[in-house]
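Enquirer: Please read through the structure below; I'll follow up with questions.
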Amino acid sequence: VQLQASGGGLVQAGGSLSLSCAASRRTISNNGMGWFRQAPGKEREFVAAISRSGDSTYYADSVKGRFTVSRDNAKNTVYLQMNSLKPEDTAAYYCAAKEGKYVYTGPRDYNYWGQGTLVTVSS
């Protein structure tokens, strides 16, 4: 699976951004999908994940209630809607895929990674 994340940019605090992760070469309908982020000088951290059916989602406490993960298997794409953005959300955001039916939250769970898309939130 090849993953391409997009949608990052510069936004003011309180604003919104929508990230997309488009998959190619193989369908992601058999994959749990996740979003992670990495700020400069920090380790990569879990943001959100969704099961292959889309029935189950899971969020990091830091983004719960502000971010929403969703997927469209027909379009082979996963989304991350980010609202009420804060300066501490500034990071490179990565999407990842893992074959399986569950929700996966650890970066080592995932087999495939896209390149990052940069999100910068100004105060």
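Enquirer: Work out from phi, with θ = phi - 60° and the Karplus expression 6.51 cos²θ - 1.76 cosθ + 1.60, the ³J(HN,Hα) of each residue of region 4-18, listed in order in whole Hz, and give x for Gly and Pro.
Expert: After applying 6.51 cos²θ - 1.76 cosθ + 1.60, I find 10, 8, 8, x, x, x, 9, 9, 7, 4, x, x, 10, 9, 10 Hz.
Enquirer: Another question about this same structure. Find out how many positive minus negative residues lie around THR27, taking Lys and Arg as positive, Asp and Glu as negative, among other residues whose Cβ is under 13 Å from that of THR27.
Expert: With Lys, Arg at +1 and Asp, Glu at -1, the net is +3.
Enquirer: Which far-off residues, 5 or more places away or on another chain, put their amide H under 5 Å from the one on GLY9, with H placed in the peptide plane?
Expert: VAL119, THR120
Enquirer: Still on this model: Take the chain, connect every pair of alpha-carbon atoms lying under 10 Å apart with a spring to form a Gaussian network, then pick out the residue of TYR112, TYR94, TYR102 with the largest mean-square fluctuation.
Expert: The residue that fluctuates most here is TYR112.
Enquirer: Something else now. More than 16 angstrom separation, counting every C-alpha pair in region 36-123; what % is that?
Expert: 53
Enquirer: Only four residue types carry charge here, +1 at the Cβ of Lys and Arg and -1 at the Cβ of Asp and Glu. Report the dipole size of the chain about the Cα centre in Debye, rounded to the nearest 20.
Expert: 260
Enquirer: Distances longer than 17 Å among the Cα atoms of region 23-68: what percent of all pairs is that?
Expert: Beyond 17 Å sits 44 percent of the P(r) for region 23-68.
Enquirer: Read phi for every residue in region 19-24 and hand back ³J(HN,Hα) as whole Hz from Karplus 6.51 cos²θ - 1.76 cosθ + 1.60, θ = phi - 60°, with x for Gly and Pro.
Expert: With coefficients 6.51, -1.76 and 1.60, one gets 9, 10, 9, 9, 9, 9 Hz.
Enquirer: Roughly what would the spin-label model give for ALA13 and ARG25, points 7 Å off Cα along C-beta, in nm?
Expert: About 4.1 nm separates the two model spin labels.
Enquirer: Continuing with this model, one more query. Total Lys pairs in the chain closer than 23 Å by alpha-carbon, pairs eight or more apart in sequence or interchain only?
Expert: Count of close lysine pairs: 7.
Enquirer: So how long is each side of region 81-123 along the principal axes, counting just the alpha-carbon atoms, biggest first, in Å?
Expert: Between the extreme Cα coordinates on each principal axis of region 81-123 lie 39, 19, 16 Å.
Enquirer: Mean-square fluctuation check for the chain, GNM, Cα pairs under 10 Å: which of LYS101, LYS75, LYS86 is largest?
Expert: LYS75
Enquirer: Roughly how many percent of the accessible protein surface of the chain is carbon and sulfur, given a 1.4 Å probe and a whole-percent answer?
Expert: So the carbon and sulfur contribution to the accessible surface is 44 percent.
Enquirer: For a quick check, take a GNM of the chain with Cα springs below 10 Å and name the residue from VAL11, VAL78, VAL47 with the largest mean-square fluctuation.
Expert: VAL11
The values are calculated or read from the model by the stated rules, or taken from the named source; none is laboratory data. Source: prediction; values computed, not measured. Reconstructed Cβ throughout: ideal geometry from the backbone, glycine too, with neighbour counts over all protein chains shown. Only protein heavy atoms, including side chains, enter the accessible area calculation; ligands, DNA and RNA are left aside. Shrake-Rupley method; radii C 1.70, N 1.55, O 1.52, S 1.80 Å.
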